[in-house]
1. Quick one: in region 47-64, which of the residues that are closer than 30 Å to residue 322 by Cβ and surrounded by 14 or more Cβ atoms within 10 Å (Cβ to Cβ) is farthest from ligand 2 (Cβ to nearest atom)?
2. I'm checking my understanding of the structure. Among residues of region 102-121 that are under 28 Å from the mean Cα position of the chain (by Cα) and of a type in the set (A, V, I, L, M, F, W, C), which one is surrounded by the fewest Cβ atoms within 10 Å (Cβ to Cβ)?
3. Show the residue pairs meeting these rules: Cβ distance below 7 Å; 6+ apart or different chains; first residue within region 138-153 and under 18 Å from residue 122 (Cα atoms); second residue within 6 Å of ligand 2 (Cβ to nearest atom) and part of a loop (DSSP other than H, G, I, E, B).
4. Kindly provide the set of residues from region 338-350 that are surrounded by 15 or more Cβ atoms within 10 Å (Cβ to Cβ) and either in a loop (DSSP other than H, G, I, E, B) or touching a strand residue (DSSP E or B) at 6+ places or on another chain (Cβ under 8 Å) (or both), ordered by number.
5. Return a yes/no flag: does region 261-274 have any residue that is in a strand (DSSP E or B) and surrounded by fewer than 17 Cβ atoms within 10 Å (Cβ to Cβ).
6. Return only the number of the condition from (1) away from ligand 2 (no atom under 16 Å from the Cβ); (2) under 26 Å from residue 355 (Cα atoms); (3) in contact (Cβ under 8 Å) with a residue 40 or more places away in the chain; (4) outside any strand (DSSP E or B) that residue 258 does not satisfy.
7. Residues in region 191-225 that are within 16 Å of ligand 2 (Cβ to nearest atom) and surrounded by fewer than 22 Cβ atoms within 10 Å (Cβ to Cβ): how many?
8. What are the residues in region 380-402 that are among the β-branched types (Val, Ile, Thr) and touching a Lys or Arg at 6+ places or on another chain (Cβ under 9 Å), if any?
Amino acid sequence: MNVHDSEQLAQLLEGSGYTTTGSAKEADLIIVNTCSIRDKAEQKVYSQLGRYRHLKKGKPGLMLGVCGCVAQQQGERLIGKIPYLDLVFGTHNIHRLPEFISRVANTGRPVVETGFHETVPSIGILALPEKGSVSAFVTIMQGCDNYCAFCVVPYLRGREESRKFHDILAEVRALAVHGVKEVTLLGQNVNSYGKSLGNGHSFSGLLRAIGEIEGIERIRFTTSHPKDLSDDIIACFRDVGALCEFIHLPVQSGSDAVLARMNRRYASADYLDCVRKLREACPGIAISSDIIVGFPGETEQDFQKTLDLMGKVRFDTLFSFQYSERQGTAAVGFDGKVDPDEKRRRLIELQSLQDRHTQEKNDRLVGSTVEVLVEGPSRNTSRDAMGRTRTNKIVNFAGGGNLVGKTVRVRIVEAFLHSLRGEMLD
Ligand code: 5AD
Ligand code: SF4
């Protein structure tokens with residue numbers, strides 16, 4: 001989501017005559033787009049801003065700004081902490097960046113704007129990816145009303161609001177004309193798309209409509225809350241040809257007691273039910289998830305239940321985190337805070353189990369033929385091409401000519417933890 005917000009900022013700035021540079025030293029304007037989902041992400045912002053301080057000294061005209069969730073949360077306090085900042089603007093004010101820049105230029109004083117709007121105007125900024133890009137993000141909703149006890153998002157991104165159905169379709173059509181082959185639909189909880197519109201539109205309806213757009217070969221979405229994963233949405237994995245066989249479905253914990261305290265509003269059996277239905281509708285679907293260890297009150301038995309659930313589901317990939325206390329969330333007041341060393345131990349144990357599962361899943365693909373959409377040169381060596389399977393696995397293979405944007409058949413010859421190696425067949 002933040003990557004897409006940054007694309008929209010770049011688009012706005014282009015409209016004001018700016019061009020992008022790969023080097024901070026050359027820049028006249030630097031905006032740090034921030035995340036505060038966990039404390040570690042927030043701390044990175046401060047160290048990055050520290051690195052820009054000397055640039056500012058050497059080039060007094062350089063404008064330095066912070067936007068996103070840390071800006072939203074800290075507001076004026078950021079200027080107190082980092083007096084050389086020129087701009088601080090929150091998640092609902094991206095669209096006003098050109099105006100903020102003029103204000104700083106005219107007054108020489110910092111601008112701080114962290115107000116919330118009913119509708120986030122930047123939701124409609126069409127940020128066309130660079131010519132030749134294969135994939136694009138499309139925002140379909142903003143904000144979140146779920147208030148999971150650990151999560152700061154509802155406070156920093158505001159209330160849930162769906163974007164208009166026809167605006168989304170128009171954007172996807174424009175992307176297809178631009179040459180985009182794959183869209184990733186973005187929202188904090190895409191499954192509840194349409195609820196705030198009150199006109200009968202739903203996420204499954206949106207998936208079916210996008211599935212009809214010519215040129216869009218692959219549809220992905222993120223993120224999906226298990227409590228709102230309807231049978232209708234699950235059926236799309238069977239019926240909508242372009243919908244990739246992949247879902248990111250955060251479970252957070254395998255313990256019902258922890259899930260209840262997290263305010264997730266499902267039990268582990270409900271989650272396993274979702275997984276069973278998904279696999280019935282779409283055999284071979286890849287499933288990834290998010291898990292938090294060390295949530296307040298999580299006992300060793302609770303943690304074991306999470307490992308048990310992982311054994312039952314066998315995720316393809318997993319993002320796992322130590323619980324990090326966030327200001328303003330319900331869990332701040334909860335008893336039973338888990339010792340940091342214990343959180344670390346649990347995370348290491350959980351990640352080593354997941355590594356075994358991921359490797360097993362990848363090993364099973366050796367010898368099979370997969371469809372790969374080529375995204376660009378491989379990170380390892382630019383002589384090789386890199387693409388993804390429909391199940392979202394990275395494949396590197398020797399590929400001559402310009403294959404970017406092409407869908408090719410590749411036989412998998414070797415499996416690693418984070419990627420596969422293949423040989424092109426076509
Ligand atoms: N501490 C640790 N992890 C968190 N997440 C969200 N809030 C916190 C927190 N306070 C994780 C959740 C979520 C993912 C995006 O980040 O697992 O799904
Ligand atoms: Fe945060 Fe829960 Fe909303 Fe996801 S659904 S953004 S975890 S409050």
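The values are calculated or read from the model by the stated rules, or taken from the named source; none is laboratory data. Just so we're clear, the structure is a prediction, and the values are computed from it rather than from any experiment. In this analysis, Cβ positions are derived from the backbone assuming ideal geometry, glycine residues included, and neighbour counts consider all displayed protein chains.
1. Filtering region 47-64 for residues that are closer than 30 Å to residue 322 by Cβ and surrounded by 14 or more Cβ atoms within 10 Å (Cβ to Cβ), the one farthest from ligand 2 (Cβ to nearest atom) comes out as 52.
2. So the residue we want is 116.
3. What qualifies is 143/188; 144/188; 144/189; 153/144; 153/188.
4. Matches in region 338-350: 338, 343, 346, 347, 350.
5. Among the residues of region 261-274, not one is in a strand (DSSP E or B) and surrounded by fewer than 17 Cβ atoms within 10 Å (Cβ to Cβ), which makes the answer no.
6. In the conditions (1) away from ligand 2 (no atom under 16 Å from the Cβ); (2) under 26 Å from residue 355 (Cα atoms); (3) in contact (Cβ under 8 Å) with a residue 40 or more places away in the chain; (4) outside any strand (DSSP E or B), residue 258 misses (1) alone.
7. Matching residues across region 191-225 total 6.
8. Passing the criteria: 394, 395.
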